[in-house]
Amino acid sequence: MINGKKSLFYTVLMAGALMSCGGPKQAPSEEVAKSGNPVFEGWYADPEGIIYGDTYWIYPTTSDLYEKQTFFDCFSSKDLVNWKLINYALKAIEPEEFYNKPQHGKGVWAPSIRYHNGEFYIYWGDPDFGIFMVKAKDPQGEWDKPVLVKAGKGMIDPTPLWDEDGKVYLVHAWAGSRAAFNSVVTVCEMNPEGTKVISEPVLVFDGNDGVNHTVEGPKFYKRNGYYYILAPAGGVVTGWQLALRSKNVYGPYEVKRVMAQGSTDINGPHQGAWVETNSGESWFVHFQDKAMYGRVIHLNPVKWTEGWPVIGEDKDGDGCGEPVRRYRKPNVGKTYPVETPAESDEFNSRRLGLQWEWHANYQDAFGFTSDLGYMRIYGHVLSEDFVNFWEVPNLLLQKFPAEEFTATTKLKVVAKADGQQSGLIVMGWDYCYIGVEKQGDRFVLKQVVCKDAEQQNKETSTRLMELPVSRKLEAGLFPNYERDIYLRVKVGKNGVCHFHYSLDGKKYQPAGEPFTARQGKWIGAKVGLFSTAPFGKDRGWVDADWFRIEK
């Protein structure tokens, strides 16, 4: 591992999200927004990242499912506690034509981030196409076009290592869903530029030992002459963290379990990254799977004992720690003001807020930002054999920001043809929305629910009430019918959602039945906006004046 003070770069933070671990509860005026684990709500999985100088950079997995506006959220922090979302590193997933429509469970899987020779590198595995890399000199600027480092199926979770002798290695795992085997870790060599694999893979660890099944997500480091591979095992929900070490890059590697749930209520504490602050402290960022809330991020202290990392608190002295619920903050020498990623959006900018995610590679016809005080989303024309929203690419969504929150939006629904509709949606394997649909000379407010959308199950729709048209604007043969409305969803404990509507923005009425949110395919549930049109019809649209989150 290279010390950040000496080289201005330190390899490892998180690709899955934000890291902060609070100590005793502090007043809002102090530098943390909250204390204790999880340090950040919302779906930010597969932690990894770097420190460059005195700034920490984090690039979360887009989704182990592909569903992003653009990809690799670029967060920066000075203290591992307060984070700002400032950029994206990948503007579209390759190959673009394939990912221009939703490809659930596919696309960008767990990435790694490194800094070498004046450039930032991100590597990721697409289980259907191979291992890719993208780089940039400035993480806040434009990133280069992705490079296919190695084509093939099943290769996932890659991490590079630039060794002192000039050689470059790549470690990665394998997806059983594509390769028909898993739980193994392999190492291969790359060219000096890190743009191409130049050797065959070598097996360095086999988790098919009756104990360490589902080994994946390996992260590659070097410290005090040892090569270290930190890898999760045991599965997403109930897994643990392994550390492998060897004096030889190809092994054999010793193996030790270094963190597990133990007596805590933090299930599956694993898959993350080791980071060392400029003050010399070691920390480990990892995720915890929380169903509809996604994979939330925890930060745990690391103590090195006899050359092994002990993560969390080792209560019984066996070298395997348990995750902490509360702990002191990392020592970075200073305190910083509270800063958290944006959630609400007034839609007053030409740039869509970075918290938003489309359901596929963005295309211009999805909709537009404007200087007119609203965001426009055009109705997606449904397929002739439409079943449910699993096919809709221009859902505009954001992650659940907390276990309990309220999302409210002010909309102007515009329709030309019957069946055009727009509204507010909670999206996942199961989804529910309240929508305003044109029917004749009136609009109808309805609630729609779909269970197991991936299995091509049909929606069930409940008509709630008729709504008069706010305005009718003549536009040739097909006039525009408009309806102003405020829609709201209150998300409570265990993901229970209650929908409401208002015609004046003051008095809200319940709309439909409670709905329990459910995670998507490898991601948490999301909340946001939609607009659709029936097959063969012109497109209506919705203008979103604002979208506000309260917690």
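Let me confirm something: among A92, A180, A136, which residue is among the aliphatic types (A, V, I, L, M), on the phi > 0 side of the Ramachandran plot and surrounded by fewer than 22 Cβ atoms within 10 Å (Cβ to Cβ)?
Result: A180 is the single residue among A92, A180, A136 that is among the aliphatic types (A, V, I, L, M), on the phi > 0 side of the Ramachandran plot and surrounded by fewer than 22 Cβ atoms within 10 Å (Cβ to Cβ).
Could you please give the count of residues in the stretch 497-551 that are in a loop (DSSP other than H, G, I, E, B) and among the aromatic types (F, W, Y)?
Adding up the residues that qualify gives 3.
How many residues are charged (D, E, K, R) and under 23 Å from the mean Cα position of the chain (by Cα) when one looks only at the stretch 266-279?
Matching residues across the stretch 266-279 total 0.
Here is a yes/no grid of residues against (1) closer than 22 Å to S502 by Cα; (2) of a type in the set (A, V, I, L, M); (3) in contact with a Ser or Thr (Cβ under 8 Å, 6 or more places away or on another chain):
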| site | (1), (2), (3) |
| --- | --- |
| Q421 | yes, no, yes |
| D430 | no, no, yes |
| Q439 | yes, no, no |
| Q447 | yes, no, yes |
| D452 | no, no, no |
| R463 | yes, no, no |
| S470 | yes, no, no |
| V489 | yes, yes, yes |
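Looking only at the stretch 305-323, decide whether some residue is under 23 Å from the mean Cα position of the chain (by Cα), closer than 30 Å to Q271 by Cβ and of a type in the set (D, E, K, R).
no
Can you tell me how many residues within the stretch 462-486 are touching a residue at least 60 places away in the same chain (Cβ under 8 Å), in a loop (DSSP other than H, G, I, E, B) and closer than 26 Å to F547 by Cβ? Give the steps one after another, and end with the answer.
Here is the first cut: in the stretch 462-486, the ones touching a residue at least 60 places away in the same chain (Cβ under 8 Å) are 478-486.
Remaining after also requiring in a loop (DSSP other than H, G, I, E, B): 478-479.
Next, from what is left, pick out any that are closer than 26 Å to F547 by Cβ: none.
The number of residues fulfilling the criteria is 0.
Scan (1) more than 21 Å from H286 (Cα to Cα); (2) in contact (Cβ under 8 Å) with a residue 60 or more places away in the chain; (3) among the charged types (D, E, K, R) for the single condition D209 breaks and write down its number.
(2)
How many residues, within the stretch 487-496, are assigned to a strand (DSSP E or B) and open to solvent by 70 Å² or more (accessible area, probe 1.4 Å)?
Pass one, the stretch 487-496, residues assigned to a strand (DSSP E or B): 487-491, 496.
The next check asks that each one be open to solvent by 70 Å² or more (accessible area, probe 1.4 Å); those that pass are 490.
So the count comes out to 1.
Given the conditions (1) loosely packed, with under 15 Cβ neighbours inside 10 Å; (2) more than 30 Å from D545 (Cβ to Cβ); (3) touching a residue at least 24 places away in the same chain (Cβ under 8 Å); (4) out of contact with any strand residue (DSSP E or B) (no Cβ under 7 Å at 6 or more places or on another chain), report the number of the one that K329 does not fulfil.
Of everything listed in (1) loosely packed, with under 15 Cβ neighbours inside 10 Å; (2) more than 30 Å from D545 (Cβ to Cβ); (3) touching a residue at least 24 places away in the same chain (Cβ under 8 Å); (4) out of contact with any strand residue (DSSP E or B) (no Cβ under 7 Å at 6 or more places or on another chain), K329 misses just condition (1).
What residue, among those in the stretch 157-177 that are within 13 Å of S112 (Cβ to Cβ) and touching a residue at least 60 places away in the same chain (Cβ under 8 Å), is surrounded by the most Cβ atoms within 10 Å (Cβ to Cβ)?
D157
Please pick out the residue among G125, G154 that is small (G, A, S), touching a residue at least 24 places away in the same chain (Cβ under 8 Å) and crowded, with 21+ Cβ neighbours inside 10 Å. Quick ask: steps written out before the conclusion?
On the way: G154 fails: crowded, with 21+ Cβ neighbours inside 10 Å.
One residue alone meets the criteria, G125.
Restricting to the stretch 139-151, name every residue that is in contact with a Phe, Trp or Tyr (Cβ under 9 Å, 6 or more places away or on another chain), open to solvent by 10 Å² or more (accessible area, probe 1.4 Å) and assigned to a loop (DSSP other than H, G, I, E, B).
W143, P146
Using beta carbons and a limit of 6 Å, which pairs, at least six apart or on different chains, have the first residue in the stretch 187-198 and within 16 Å of H116 (Cα to Cα) and part of a loop (DSSP other than H, G, I, E, B) and the second one open to solvent by 30 Å² or more (accessible area, probe 1.4 Å) and not hydrophobic (A, V, I, L, M, F, W, C)?
Filtered contacts from the stretch 187-198: no entries.
Under 6 Å between Cβ atoms, at least 6 apart or on separate chains: pull out the pairs that start in the stretch 290-314 with a residue that is touching a residue at least 24 places away in the same chain (Cβ under 8 Å) and end on any residue that is surrounded by 17 or more Cβ atoms within 10 Å (Cβ to Cβ) and assigned to a helix (DSSP H, G or I).
The qualifying pairs are M292/G495.
Taking the stretch 497-526, which residues are open to solvent by 20 Å² or more (accessible area, probe 1.4 Å) and either of a type in the set (S, T, Y) or closer than 19 Å to L395 by Cα (or both)?
Y501, Y508, T516, R518, Q519, K521, W522
Return the only residue of E454, E459 being touching a residue at least 60 places away in the same chain (Cβ under 8 Å), surrounded by fewer than 17 Cβ atoms within 10 Å (Cβ to Cβ) and in contact with a helix residue (DSSP H, G or I) (Cβ under 7 Å, 6 or more places away or on another chain).
Only one candidate passes the filter, namely E454.
Which of the residues that make up the stretch 232-270 are in a loop (DSSP other than H, G, I, E, B) and open to solvent by 60 Å² or more (accessible area, probe 1.4 Å)?
Answer for the stretch 232-270, where residues must be in a loop (DSSP other than H, G, I, E, B) and open to solvent by 60 Å² or more (accessible area, probe 1.4 Å): V237, T238, K247, N248, Y250, P252, Q261, S263, D265.
Give me the residue from the stretch 89-122 that is among the aliphatic types (A, V, I, L, M) and part of a strand (DSSP E or B) and, out of that set, modelled with the lowest pLDDT.
Once the filter is applied, the top-ranked residue is A89.
Here's the yes/no breakdown for (1) over 18 Å from W522 (Cα atoms); (2) among the β-branched types (V, I, T); (3) part of a strand (DSSP E or B):
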{"site": "R376", "(1), (2), (3)": "yes, no, yes"}
{"site": "S383", "(1), (2), (3)": "yes, no, no"}
{"site": "N394", "(1), (2), (3)": "yes, no, no"}
{"site": "T409", "(1), (2), (3)": "yes, yes, yes"}
{"site": "K412", "(1), (2), (3)": "yes, no, yes"}
{"site": "G419", "(1), (2), (3)": "yes, no, no"}
{"site": "G423", "(1), (2), (3)": "yes, no, yes"}
{"site": "V436", "(1), (2), (3)": "yes, yes, yes"}
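I'm trying to understand the selection: among the residues of the stretch 280-299, which are open to solvent by 20 Å² or more (accessible area, probe 1.4 Å) and more than 18 Å from G234 (Cα to Cα)? Let's see the steps before the verdict.
Step one: filter the stretch 280-299 for residues open to solvent by 20 Å² or more (accessible area, probe 1.4 Å), giving 280-281, 289-292.
Matches in the stretch 280-299: G280, E281, M292.
Listed residues S344, S349; which is under 25 Å from the mean Cα position of the chain (by Cα), modelled with pLDDT of 95 or more and surrounded by fewer than 20 Cβ atoms within 10 Å (Cβ to Cβ)? Full working, then the answer.
Numbers: S349 fails: modelled with pLDDT of 95 or more.
When all the criteria are applied, what remains is S344.
Which one of the conditions (1) more than 17 Å from W304 (Cβ to Cβ); (2) at pLDDT 95 or above does S246 fail to meet, given that it meets all the rest?
Condition (1) is where S246 drops out.
I need a count of the residues in the stretch 366-405 that are farther than 16 Å from M427 by Cα, open to solvent by less than 20 Å² (accessible area, probe 1.4 Å), touching a residue at least 40 places away in the same chain (Cβ under 8 Å) and within 25 Å of the chain's Cα centre (by Cα).
Of the residues in that region, 3 qualify.
The values are calculated or read from the model by the stated rules, or taken from the named source; none is laboratory data. Treat the numbers as computed from the prediction; the structure is a model and nothing was measured. No Cβ is skipped: glycine too gets one built from the backbone with ideal geometry, and neighbour counts run over all protein chains shown. Quick note on the areas: whole protein, heavy atoms, side chains included, nothing else; ligands and nucleic acids left out. Shrake-Rupley method; radii C 1.70, N 1.55, O 1.52, S 1.80 Å.
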